[in-house]
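The values are calculated or read from the model by the stated rules, or taken from the named source; none is laboratory data. Computed from a predicted model, the values in this text were never measured in an experiment. For neighbour counting, all protein chains shown are included, and Cβ atoms are generated from backbone atoms with ideal geometry for every residue, glycine included. Protein only, heavy atoms only, side chains kept; ligands, DNA and RNA dropped before computing areas. Shrake-Rupley method; radii C 1.70, N 1.55, O 1.52, S 1.80 Å.
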Amino acid sequence: MKKIGMLTSGGDCQALNAAMRGLVKCLTNSSEDVEIYGFLEGYRGLIYGDYRMLSGRDFSGILTKGGTILGSSRTPFKTIKEPDENGINKVEAMKDNYKKLGLDCLAVLGGNGSHKTANLLREEGLNIVTLPKTIDNDLYGTDMTFGFQSAVNIATEAIDCIHTTAASHGRVFIVEIMGHKTGWLALNAGIAGGADIILLPEIPYDIKKVAKAIEVRHEKGSKFTILAVAEGAISKEKALLTKKELKEQMKASKYPSVSYEIADELSELLKLDVRVAVPGYTQRGGSPCPYDRVFASRLGSEAGKLILEGQYGFMVGIKNREIVKVPLEEVAGRLKTVDPQASIIKEAKMMGISFGD
């Protein structure tokens with residue numbers, strides 16, 4: 001009999017349930033007997049032994065549901081080796097609970113931080129298989145992460161809705177899209193939603209060039225402008241600061257986010273009415289789109305196959321439309337960012353989209 005632990009860690013997103021369902025269906029449809037232990041609220045459940053036995057019934061009817069039936073939480077990797085408030089060694093506690101249950105493998109569904117911790121546990125001798133979950137699509141080693149396409153759909157719809165208001169009132173609208181460190185979501189939603197200006201963390205912007213792009217549109221007869229701004233977008237001036245200096249500036253800022261700062265600067269430069277719309281956590285929620293349902297199910301099934309074959313220490317990803325296994329040590333700690341010279345950026349610029357650079 002194989003005993004499998006499973007947890008969902010970090011921010012929630014669409015298709016977590018679909019991925020777990022795919023994994024469990026693969027395991028339970030095999031000829032091997034399996035027991036499945038679901039750890040509640042991510043790594044926290046593994047640390048404190050908070051789990052429940054799961055059966056195939058738990059995964060019935062969840063393909064279309066967003067969120068995660070196991071719950072999730074953020075357990076920062078930078079503090080994972082530090083004792084908790086009660087002096088518990090978190091890494092040792094996770095190893096102990098894994099061994100007490102006699103697990104053969106732990107399946108982790110998570111993003112960048114979750115993969116760092118998963119790789120640490122692999123280095124500590126645990127059998128690990130992971131699945132790439134994040135709306136940011138910034139995990140190294142895979143062309144796509146599940147949750148991303150669903151989030152693109154929601155962010156695109158937000159931009160679509162803003163278009164009619166912006167056109168009706170002749171306003172400049174900034175739609176703030178999730179993405180602190182990478183701009184995949186803002187880039188794709190911006191293009192899909194017909195944004196005129198897209199600002200990304202990877203391409204520091206010059207506010208005067210952003211203003212000029214708006215002026216040019218007005219001169220050509222366009223009375224409104226839509227900006228898709230990643231929440232991690234940064235000006236050329238701030239991009240020159242050290243991490244510490246930037247952090248201090250952000251703490252001292254009167255603005256809740258970069259979009260409001262950009263709105264104020266553009267209002268001053270252009271003497272126009274600039275509004276901000278923030279879809280926020282709606283981008284993480286709701287039912288997964290058909291693409292994510294299929295993709296997450298495929299990943300889950302392949303992860304189940306690896307577990308049944310005893311192939312551990314891998315993330316299941318996708319390359320050139322084919323599911324692949326990627327060594328965890330190649331994934332952990334590496335970020336997949338938007339290349340400013342990528343063809344998609346060049347093609348967007350050829351269509352007249354400004355990136356403020």
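Per-residue Karplus couplings for segment 47-60, computed as 6.51 cos²θ - 1.76 cosθ + 1.60 with θ equal to phi - 60°, are listed in order as 5, 9, x, 9, 8, 8, 5, 10, 10, x, 5, 5, 9, 7 Hz, Gly and Pro entered as x. Both radii are taken from the alpha-carbon atoms of segment 133-189; with Rh as the Kirkwood radius, Rg/Rh is 1.08. Its Cα gyration tensor gives segment 6-64 an equivalent ellipsoid. The semi-axes, each the square root of 5 times an eigenvalue, are 20, 16, 8 Å from largest down. Entry comment: accessible area of the chain is 45 Å² per residue, from protein heavy atoms only and a probe of 1.4 Å. Divide the volume of the convex hull around the Cα atoms of the chain by the residue count and you get 136 Å³ per residue. At an R0 of 22 angstrom, the distance between the Cβ atoms of Lys181 and Asn320 translates into a FRET efficiency of 0.30. With a 1.4 Å probe and all protein chains left in place, how much of the accessible area of the chain comes from carbon and sulfur atoms, in whole percent? In the chain, the share of accessible area belonging to carbon and sulfur is 49 percent.
Set against the 2.2 N^0.38 Å expectation for a compact globular protein, segment 30-74 has a Cα radius of gyration ratio of 1.28. Measuring spread by the Cα atoms of segment 66-150 yields a radius of gyration and Dmax of 13.9, 41 Å. In segment 206-274, the convex hull through the Cα atoms has an average projected area of 4.9 nm², a quarter of its surface area. By the helix-only formula, in which each DSSP H run with n ≥ 4 contributes -39500 (n - 2.57) and the sum is divided by residues, the chain has a 222 nm mean residue ellipticity of -12500 deg cm²/dmol. A Gaussian network model of the chain, with springs between Cα atoms under 10 Å, assigns the largest mean-square fluctuation among Ala151, Ala342, Ala233 to Ala342. If you wrap the tightest convex hull around every Cα atom of segment 1-136 and split its volume per residue, you get 95 Å³.
Test of the criteria: in segment 283-350, which trypsin sites (Lys or Arg not before Pro) are in a DSSP loop and have at most 16 other Cβ atoms within 10 angstrom of their Cβ? Listed in order of number, the matching sites are Arg321, Arg334. For segment 105-224, the alpha-carbon coordinates run over 64, 27, 18 Å along the three principal axes, in decreasing order. Using bins of 10 Å that start at zero, the share of Cα-Cα pairs per bin across segment 171-317 amounts to 10, 32, 27, 16, 10, 4, 0, in whole %.
Largest first, the extents of the alpha carbon coordinates of segment 242-357 on the three principal axes equal 64, 37, 33 Å.
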